[in-house]
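Worksheet for the structure shown next.
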Amino acid sequence: MITALYSDQVIAENAPMDRRLAALVLARGNRIGYIASGPDPQRAFFDEKRQYYRSYGLSLDLFVDLDALSGDEEINRLFSCDAIHLSGGHTGDFLRRLRQSGMLEKLRAWARDDGIVVGTSAGAILMTPTIAVDALFSGSSPDAVRDGAALGLVPFEFFPHLNDDPGYLSALLRYSETTVTPILACRDGEGLILGKGLVEIFGAPLMISGGFAEASDGDRIADLLSRA
């Protein structure tokens, strides 16, 4: 399994991570399936991502609307792709759609069977054990989230867009005192690519745990992955 977690994606600062991700996908093929977080009737977000991936020699091959799955043929086409992209958007709605469509377990199983999963913002949050940190974007407390269990592909929580509000860090520090799961917090332009024996950090994400924040450490992340 390979996971790529972006805070944001289509910005110049992500070019080093983009190139590394492209190399990993191209080693298998060039087809990427796209799971939309919510309605995109004009395919505007999808088309932006299609052009973005095309610049790296990758083909965004399939658009999946979780509210309108056509059946096993479409699901099989998705899982025949060389990688799957989880879009940004409203994290809670995205999780609800994955559950209601029956795709949460299917996607988890596919990923764990040596799949490559790419997530941006909400899509990256969904790769973690819980979407609790997403509550901060609406001014709520992560501690109040009771039904946030997500894909659990990585052994930490993920918080994107750390640079958007100076209050996010202090809120994450408070939350980290009440949860045993470490939190990786990224500014736009930062991210991680993780896999078996693979820990690549782009930028300077923060590792937040027990009320403290420090620069993310590849050895510590590798240890977390080995114990997951």
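Determine which single condition Asp114 fails, assuming it passes every other condition in (1) open to solvent by 30 Å² or more (accessible area, probe 1.4 Å); (2) without any contact (Cβ under 8 Å) to a residue 60 or more places away in the chain; (3) not aromatic (Phe, Trp, Tyr).
(2)
Arg28: of a type in the set (D, E, K, R), in contact with an Asp or Glu (Cβ under 9 Å, 6 or more places away or on another chain) and in a helix (DSSP H, G or I), yes or no?
no
Within the stretch 96-108, is there a residue that is at pLDDT 95 or above and under 24 Å from Gly197 (Cα atoms)?
yes
Are there any pairs with C-beta distances below 9 angstrom linking a residue in the stretch 164-185 that is farther than 15 Å from Pro205 by Cα and part of a helix (DSSP H, G or I) to a residue that is acidic (Asp, Glu) and open to solvent by 20 Å² or more (accessible area, probe 1.4 Å), with the two at least 6 apart or on different chains, and if so which?
Pairs found: Ala171/Asp165; Arg174/Asp143; Tyr175/Asp143.
Taking the stretch 74-103, which residues are buried (at least 19 other Cβ atoms within 10 Å of the Cβ) and charged (D, E, K, R)?
Asp82, Arg97
Out of everything in the stretch 49-73 that is assigned to a helix (DSSP H, G or I) and surrounded by 12 or more Cβ atoms within 10 Å (Cβ to Cβ), what residue ends up being nearest to the chain's Cα centre (by Cα)?
Step one: filter the stretch 49-73 for residues assigned to a helix (DSSP H, G or I), giving 49-54, 66-68, 72-73.
Imposing the further condition that a residue be surrounded by 12 or more Cβ atoms within 10 Å (Cβ to Cβ) reduces the set to 49-50, 52-54, 66.
Numbers: Lys49: 15, Arg50: 18, Tyr52: 17, Tyr53: 16, Arg54: 20, Leu66: 17 Å.
That would be Lys49.
Quick check, is Leu192 closer than 19 Å to Phe137 by Cα and not in a loop (DSSP other than H, G, I, E, B)? It would help to see each step written out before you state the result.
Numbers: closer than 19 Å to Phe137 by Cα: no; not in a loop (DSSP other than H, G, I, E, B): yes.
The answer is no for Leu192.
I'm trying to understand the selection: among the residues of the stretch 31-47, which are part of a helix (DSSP H, G or I), among the acidic types (Asp, Glu) and either buried (at least 16 other Cβ atoms within 10 Å of the Cβ) or under 14 Å from the mean Cα position of the chain (by Cα) (or both)? Lay out the reasoning, then the answer.
If we filter the stretch 31-47 for residues that are part of a helix (DSSP H, G or I), which is where we start, we get 44-47.
Pick out the ones that are also among the acidic types (Asp, Glu) and you get 47.
Once the filter is applied, which keeps residues that are part of a helix (DSSP H, G or I), among the acidic types (Asp, Glu) and either buried (at least 16 other Cβ atoms within 10 Å of the Cβ) or under 14 Å from the mean Cα position of the chain (by Cα) (or both), the stretch 31-47 yields nothing.
Consider Arg108 against the criteria (1) closer than 24 Å to Ala149 by Cβ; (2) under 17 Å from the mean Cα position of the chain (by Cα); (3) surrounded by fewer than 17 Cβ atoms within 10 Å (Cβ to Cβ); (4) not β-branched (Val, Ile, Thr): it satisfies all of them except one. Which criterion is unmet?
(3)
Check Glu214, Glu200 and return the single one that is open to solvent by 40 Å² or more (accessible area, probe 1.4 Å), in a strand (DSSP E or B) and at pLDDT below 95. Explain how you work it out, then say what you get.
Values: Glu200 fails: at pLDDT below 95.
Result: Glu214 is the single residue among Glu214, Glu200 that is open to solvent by 40 Å² or more (accessible area, probe 1.4 Å), in a strand (DSSP E or B) and at pLDDT below 95.
Filter the stretch 157-185 for residues that are open to solvent by 40 Å² or more (accessible area, probe 1.4 Å) and over 17 Å from Ser140 (Cα atoms); which is farthest from the chain's Cα centre (by Cα)? Even if it seems obvious, please write down each step before you answer.
Let us first name the residues in the stretch 157-185 that are open to solvent by 40 Å² or more (accessible area, probe 1.4 Å), namely 163-166, 169-170, 173-174, 177-178, 180.
This time we only want the ones that are over 17 Å from Ser140 (Cα atoms), so: 163, 180.
Working: Asn163: 18, Val180: 20 Å.
Ranking the candidates gives Val180 first.
Quick check on my filter: what residues within the stretch 190-206 are without any contact (Cβ under 8 Å) to a residue 40 or more places away in the chain and over 14 Å from Leu5 (Cα atoms)?
Hit for the stretch 190-206 is Gly197, nothing else.
The values are calculated or read from the model by the stated rules, or taken from the named source; none is laboratory data. Treat the numbers as computed from the prediction; the structure is a model and nothing was measured. For neighbour counting, all protein chains shown are included, and Cβ atoms are generated from backbone atoms with ideal geometry for every residue, glycine included. These accessible areas exclude ligands, DNA and RNA; they are computed on the full protein's heavy atoms, side chains included. Shrake-Rupley method; radii C 1.70, N 1.55, O 1.52, S 1.80 Å.
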